[in-house]
Amino acid sequence: MDRPDGLAREETNLASYTEQLDRPFEHEQALVTAQHELARIERKLSSVANTPPSSSELGFMPRSLLKNVPSPQQPWKAPVADWVRELHNKRQRRTELRRCQSARLQAQAAEADTEK
């Protein structure tokens, strides 16, 4: 196999290069990985997209909703849609309570003014 004219090395290099060309390029592997990651994120976003519109009222951005998606190791956490709905209901109850208190205070102040 040793050729005196140095072609043996070239044949070895050629075989090595063709073997490398037969394997997928690193950027192709990175592209496939990125596509899988993108698909995973799109699945998560579609589940987050089903959250009630109150999430925007609460000031949540899509990224923060994504970050709050519970992992399988966190079974105690509620799904994002339920969690946002619960927070929205809490805020609504608190707002109603404040309105009732405000109305009651205004009524008491009006009574005090009429008594004078």
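None of the figures in this text is laboratory data; all of them are computed from the coordinates on show. Since the structure is predicted, the reported quantities are computational estimates derived from the model, not experimental observations. All Cβ positions, glycine included, derive from the backbone under ideal geometry; neighbour counts span all protein chains shown.
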*Please report V69, V32 as a ranked list, fewest other C-beta atoms within 10 angstrom at the top and most at the bottom.*
V32, V69
_Exposure proxy order (Cβ contacts within 10 Å, fewest to most) of S71, S16_ = S71, S16
*With a 10 Å Cβ neighbour count serving as the proxy for reagent exposure, in which order, fewest first, do S64, S55 appear?*
S64, S55
*Taking only the alpha-carbon positions of the range 69-116 and ignoring solvent, what does the Debye formula give for the base-10 log of I(q)/I(0) at q = 0.17 Å⁻¹?*
-0.64
